[in-house]
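A quick write-up on the structure given underneath.
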Amino acid sequence: MKQLKITDRYKDILNKFAQGLKEIYPEELLSLILYGSAASGEFVDKHSNLNLLVVLKNTDLEVIKRASKLIHKFKAFNTLFMTEDYIAGSTDIFPIEFLDMRENYIVLHGKDALKGIQIDTRNLRFQCEHELKAKLIKLRQAYLLINNNTTALRGLLFASFTSVLHILRNVLRIKGRKPSYLKDEVLKELASEFKTDISIWERILSAKNKKIRLTGREVEELFIGFVKELESAVAIVDKL
């Protein structure tokens, strides 16, 4: 098993959570998989999530309900409950999610439920376009409600930046690239592939990482610029 590159505190939390699942599902637990930044080595304490895939024989509500207390106790985790059949039947609908999982993961318990799964990337462009356009609509609606609230606008900007960049990372896959996991490197790859100006994106990333401070006016200017850049990205994806 790959070496976990997370703090001892999080390793302890992860071990306790895994042990709790084993006790709750002594027969039903087929696999427990850690994926994402904690598996790739890019985990940032207090800023990243621990993403877990729990594969059970059965995911009926009365079955997963047995883990509700454990889930409430360990809120540091983003936990997905699936069956093997669900995974096999969903890779064509959610290619982004399963490509991300398969790219960086560590099996913590049981079988490797992601090994050998077939991911149909023919729907990847459609999913990227759908999610980018949905983001654009939601950002416009949200702006009308919170444009006078700098704190709320900043929070929406940073959260949207992360999720949109995640989608654009998969747009690079459509072009045959194997994108980096690091945000600043993804931005450089996007600039190289699509000949776009990423200065606004880089400024948002710097502010998100607290390398620069933004005034209320700068937050709104960046938000407006971000939405314009997102419109350009949607137009690019639409033509792929």
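Mind listing the phi-derived Karplus ³J(HN,Hα) values for segment 148-157, rounded to whole Hz, using 6.51, -1.76 and 1.60 with θ = phi - 60°, and x for any glycine or proline?
Working through the residues one at a time gives 9, 10, 4, 4, 5, 5, 4, x, 5, 4 Hz.
Would you mind ranking ARG177, ARG213, ARG169 by Cβ crowding within 10 Å, fewest neighbours first?
Listed from fewest to most nearby Cβ atoms, that is ARG213, ARG177, ARG169.
Could you put LEU61, LEU187 in order, starting from the residue whose Cβ has the fewest other Cβ atoms within 10 Å? Don't skip to the end; give the middle numbers.
Numbers: LEU61 6, LEU187 21.
Taking fewest neighbouring Cβ atoms as first place, the list is LEU61, LEU187.
With 29 Å as the limit, write out which pairs from LYS135/LYS208; LYS11/LYS111; LYS73/LYS188; LYS211/LYS239; LYS16/LYS115; LYS138/LYS210 have Cα-Cα distances beyond it, or answer none.
LYS73/LYS188; LYS211/LYS239
State the extension gain, in nm to one decimal, for the chain segment bounded by LYS211 and ASN123, taking 0.36 nm per residue of separation less the distance between their alpha-carbons.
28.0 nm
Residue by residue through segment 71-84, which ³J(HN,Hα) values in whole Hz follow from phi under the Karplus form 6.51 cos²θ - 1.76 cosθ + 1.60 (θ = phi - 60°), with glycine and proline marked x?
With coefficients 6.51, -1.76 and 1.60, one gets 4, 5, 6, 10, 7, 6, 9, 9, 10, 10, 9, 9, 9, 4 Hz.
Computed from the coordinates I sent, Cα Rg over 2.2 N^0.38 Å equals one of [x] 1.10; [y] 1.03; [z] 0.96. Tell me the label.
So the calculated entry is the one marked [x].
Just so you know, all these numbers are worked out from the coordinates, no wet-lab data involved. Being a predicted model, the structure only gives us computed values, none of them experimental. Heads up, the Cβs are rebuilt from the backbone with ideal geometry, glycines too, and the neighbour counts pull from every protein chain shown.
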